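Okay, so here's the structure we're looking at.
The values are calculated or read from the model by the stated rules, or taken from the named source; none is laboratory data. A quick note: this is a predicted structure, and the numbers were derived from the prediction, not measured. Don't worry about glycine lacking a Cβ; one is built from the backbone with ideal geometry, like all the others, and counts go over all protein chains shown.
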Amino acid sequence: MPSNIPVTVTNDVADQNYAPISTLQRIDALTIEMDHGLQSVCYHFVPKKRNRRLVIYHQGHGGDFSLGKHVIAKLLDADYDVVAMSMPLKGMNNKPEVQVQRFGTLRLDDHKKLALLPRDRGHPVRFFIEPVVAVIDLFAQSYSEIFMLGISGGGWTTLVSAAIDPRITRSYPVAGSLPIYIRAEDSRHWGDYEQTVPELYSVANYLELYIMAATGHDGTARRHIQVLNKNDPCCFFGDTYKLYERAVATTVRKCGNGSFSVLLDSSHRSHAVSHWTIKKIVDDMGLTN
């Protein structure tokens, strides 16, 4: 799945925000250039001791991936390289002005505005996924495995990326999605622009995306563990996952060489990756398939 998206690498950047992480050797910055002047600025965190596995960490709507510094630190402590990224228009990513026919000058500072961009080169939802594919293209030959972990909108990005790119062998979306039929029962679950784009979900609904993200390809085993916060004040809370977990897991097993499960975190009351969850994920990453 070659992306041919330009990526500029700046080696050994200084960012004191991550200086307290004792297992960090260096940070390289990646700038991914997309259509309409959109940029995705990522950090490649290189640990002092490396296990030849890469974890892509994706932050949600809250802003910069520095909000997940505790997650990044735990992954580095476990000897994983980490590429951290934010959603479009968030964190260090830019908010360009574009000229849109029939609408005029449009400053891209909200995800809803992406819907107004021309579609001659693809649907605007691609701007959420292209940076992930570009990173995988850049590093696919450098690591034995690539995993992905994200929170909230980053959890949604983790799901969709794993569904379309089988090079992600294990994926862990946290507080990232529920099927549309469950969202329809409670508006707090409905989500942002990208969560309900009809053009995407008419092709593959959420249950199908879960199956795609978990199913192995060409003999490669894959695993998708959906993490939901039981007492999340934002969204995707409770235990409605029981309505679909068994059916999805059974279908994945029938497809072969993959597994799907849901992990319910009741250790806190926030919309975040808890210390309990990151420990569970790091433990799972260390297991052999």
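Annotations
- Meets criteria (over 17 Å from E130 (Cβ atoms), over 18 Å from the mean Cα position of the chain (by Cα) and acidic (D, E)) for D79: yes
- Taking the listed residues G68, G60, the one that is part of a loop (DSSP other than H, G, I, E, B), crowded, with 20+ Cβ neighbours inside 10 Å and either in contact (Cβ under 8 Å) with a residue 60 or more places away in the chain or of a type in the set (F, W, Y) (or both) is G60, with no other qualifying.
- Number of residues in the stretch 190-205 that are over 15 Å from the mean Cα position of the chain (by Cα), surrounded by 15 or more Cβ atoms within 10 Å (Cβ to Cβ) and not in a loop (DSSP other than H, G, I, E, B): the value is 3.
- Options D232, D284; residue that is modelled with pLDDT of 95 or more, of a type in the set (D, E) and not in a loop (DSSP other than H, G, I, E, B): D284
- Sole residue being in contact with an Asp or Glu (Cβ under 8 Å, 6 or more places away or on another chain), closer than 22 Å to T169 by Cβ, polar (S, T, N, Q) and in contact (Cβ under 8 Å) with a residue 12 or more places away in the chain, chosen from T277, T220, T251, T215: T277
- Residue in the stretch 269-286 that is touching a helix residue (DSSP H, G or I) at 6+ places or on another chain (Cβ under 9 Å), surrounded by fewer than 17 Cβ atoms within 10 Å (Cβ to Cβ) and charged (D, E, K, R) present: yes
- If the condition is being at pLDDT below 95 and on the phi < 0 side of the Ramachandran plot, then the stretch 255-278 contributes only C255.
- Every condition in (1) crowded, with 22+ Cβ neighbours inside 10 Å; (2) part of a helix (DSSP H, G or I); (3) of a type outside the set (A, V, I, L, M); (4) touching a Pro at 6+ places or on another chain (Cβ under 7 Å) is met by H36 except one, and the failing one is (1).
- Residue under evaluation S152, criteria (1) polar (S, T, N, Q); (2) within 27 Å of T220 (Cα to Cα); (3) in contact (Cβ under 8 Å) with a residue 12 or more places away in the chain, criterion not met: (2)
- Scanning the stretch 71-128 for residues that are in a strand (DSSP E or B), surrounded by 15 or more Cβ atoms within 10 Å (Cβ to Cβ) and not hydrophobic (A, V, I, L, M, F, W, C) gives a single hit, D81.
- Number of positions in the stretch 242-271 that are in contact with a strand residue (DSSP E or B) (Cβ under 8 Å, 6 or more places away or on another chain), outside any helix (DSSP H, G or I) and closer than 25 Å to N205 by Cα: 10
- Residues being assigned to a loop (DSSP other than H, G, I, E, B) and modelled with pLDDT under 95 - total across the stretch 157-189: 3
- Test: residue in the stretch 9-28 that is within 19 Å of K90 (Cβ to Cβ), in contact with a Leu (Cβ under 9 Å, 6 or more places away or on another chain) and in contact (Cβ under 8 Å) with a residue 60 or more places away in the chain: no
- Filter result (touching a Lys or Arg at 6+ places or on another chain (Cβ under 8 Å) and touching a residue at least 60 places away in the same chain (Cβ under 8 Å)) within the stretch 108-128: L108
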